[in-house]
1. Scan segment 168-186 and report the pairs whose first residue is open to solvent by less than 30 Å² (accessible area, probe 1.4 Å) and whose second residue is of a type in the set (Phe, Trp, Tyr), with Cβ atoms within less than 8 Å and a gap of 6+ or a chain change.
2. Mind listing just one residue for me: the one in segment 95-106 that is assigned to a loop (DSSP other than H, G, I, E, B) and open to solvent by 70 Å² or more (accessible area, probe 1.4 Å) and, of those, farthest from residue 28 (Cα to Cα)?
3. Among the residues of segment 80-94, is there at least one that is modelled with pLDDT of 95 or more, farther than 11 Å from residue 229 by Cα, open to solvent by less than 60 Å² (accessible area, probe 1.4 Å) and of a type in the set (Lys, Arg)?
4. Among the residues of segment 107-149, how many are in a strand (DSSP E or B), within 22 Å of the chain's Cα centre (by Cα) and within 28 Å of residue 220 (Cα to Cα)?
5. Just to be sure I understand, how many residues within segment 243-266 are part of a loop (DSSP other than H, G, I, E, B), open to solvent by 70 Å² or more (accessible area, probe 1.4 Å), over 22 Å from residue 210 (Cβ atoms) and not polar (S, T, N, Q)?
6. Please go through segment 258-287 and give me each residue that is more than 23 Å from residue 234 (Cα to Cα) and of a type in the set (Ser, Thr, Tyr), ordered by number.
7. Take the residues of segment 1-30 that are within 19 Å of residue 43 (Cβ to Cβ), of a type in the set (D, E, K, R) and modelled with pLDDT of 95 or more: which is most open to solvent (accessible area, probe 1.4 Å)?
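The values are calculated or read from the model by the stated rules, or taken from the named source; none is laboratory data. Just so we're clear, the structure is a prediction, and the values are computed from it rather than from any experiment. For neighbour counting, all protein chains shown are included, and Cβ atoms are generated from backbone atoms with ideal geometry for every residue, glycine included. We work out accessible area using only protein heavy atoms, side chains counted, and drop any ligands, DNA or RNA first. Shrake-Rupley method; radii C 1.70, N 1.55, O 1.52, S 1.80 Å.
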Amino acid sequence: MKYDKNHALLECSIPGLPQKSGKVRDVFDLGDKLLMVVTDRISAFDVILPCGVPDKGKVLNQLSLFWMEFLGMKNHLVTANVDEYPEALQPYKEDLRGRSMLVRKVKMVEVECIARGYLTGSGWKEYKSAGTVNGEKLRAGYENASKLDEVLFTPTTKAAIGDHDEAINYEQTEKLVGAATAKALRDATISLYSRAADYARERGIIIADTKFEFGIEPDGSLILADEVLTPDSSRFWPVESYAVGKNPPSLDKQYVRDWLDSINFNHQPPGPVLPDDVINRTRDIYVKAYESLSGRKLEA
């Protein structure tokens, strides 16, 4: 295990297990199951920074677990109780506690399923220039951060690390996965988002948009997989700061992006080490998102 000076987990390594690493997750192959470990790594502008944010991985992991329980859709989780992990993992269980889950292997659908309830980000940029989002025509009159008349399903292709996802329309989604699976993806994405957004608003948070990933069972049914409604896969806005026409401060790593821009970071690796005050403020933002939504104290 590799920790930085603030005890943020930068890298998880377990000898003897095949491993794949993404921007934030280290995934280990246990045969018929996978161990997903959420580190405290943080990336911005597709650059993984050399320092971590303490407890960020625990926020992402525990919030995903909360939403899996809340939403009730069949998912890939086997257990997140480290005491139930296989014997080979027991020597590492204190490092894994709170930031990992054991999941069963599923065939992943090669489409990232994005639900948009508000017009912002790349959607707002496209709308301003063409009046569309993912090529779908919208009515005139929306402003930045406007609530959409209906939730949009705006899928993208999955990109390798360092590359950018490519927006695709519904017809392209059908060509990629078939008409039946495309409809199931759209229906599940909109339903899950709508339930979560209604709940979150009661807790003082607007979910402007979010990304889901699904696996597909042998019978063709969908299964919820990977992270679910976290600050890294969603745009969370405090209700108290929301106003049409401008983006409220997001409960995610926007604070880091803003700091990087303030020092004129060129968005190319290597990234700079964050000052402690930026790290601490970012940790507070992530923890607030978790505790506001779950109603639980972070298991730190």
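1. 182/170; 185/153; 185/214
2. Initially, segment 95-106 is screened for residues assigned to a loop (DSSP other than H, G, I, E, B), giving 97-99, 105-106.
After this cut, where a residue has to be open to solvent by 70 Å² or more (accessible area, probe 1.4 Å) as well, the list is 97, 105.
Working: 97: 15, 105: 11 Å.
Out of the qualifying residues, it is 97.
3. Taking every residue of segment 80-94 in turn, at least one turns out to be modelled with pLDDT of 95 or more, farther than 11 Å from residue 229 by Cα, open to solvent by less than 60 Å² (accessible area, probe 1.4 Å) and of a type in the set (Lys, Arg).
4. Keep residues of segment 107-149 that are in a strand (DSSP E or B), which gives 107-108, 111-118, 132-133, 136-137, 147-149.
With the extra rule that they be within 22 Å of the chain's Cα centre (by Cα), the set shrinks to 107-108, 111-118, 133, 147-148.
Going one step further and asking which of them are within 28 Å of residue 220 (Cα to Cα), we end up with 107-108, 111-117.
Counting residues in segment 107-149 that are in a strand (DSSP E or B), within 22 Å of the chain's Cα centre (by Cα) and within 28 Å of residue 220 (Cα to Cα) gives 9.
5. So the first thing to find is which residues in segment 243-266 are part of a loop (DSSP other than H, G, I, E, B), and the list is 243-253, 263-266.
Now narrow it down to the ones that are open to solvent by 70 Å² or more (accessible area, probe 1.4 Å): 244, 246-247, 249, 263-264, 266.
Add one more test, that the residue is over 22 Å from residue 210 (Cβ atoms), and what stays is 263-264, 266.
Okay, now just the ones that are also not polar (S, T, N, Q), so 263.
Result for segment 243-266: 1.
6. Answer for segment 258-287, where residues must be more than 23 Å from residue 234 (Cα to Cα) and of a type in the set (Ser, Thr, Tyr): just 262.
7. If we take residues in segment 1-30 being within 19 Å of residue 43 (Cβ to Cβ), of a type in the set (D, E, K, R) and modelled with pLDDT of 95 or more, then 20 is most open to solvent (accessible area, probe 1.4 Å).
Per-residue answers, yes or no, for (1) among the aliphatic types (A, V, I, L, M); (2) closer than 13 Å to residue 74 by Cα; (3) surrounded by 15 or more Cβ atoms within 10 Å (Cβ to Cβ):
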| site | (1), (2), (3) |
| --- | --- |
| 200 | yes, no, yes |
| 206 | yes, no, yes |
| 209 | no, no, yes |
| 212 | no, no, yes |
| 215 | no, yes, yes |
| 223 | yes, yes, yes |
| 231 | no, no, yes |
| 236 | no, no, yes |
| 239 | yes, no, no |
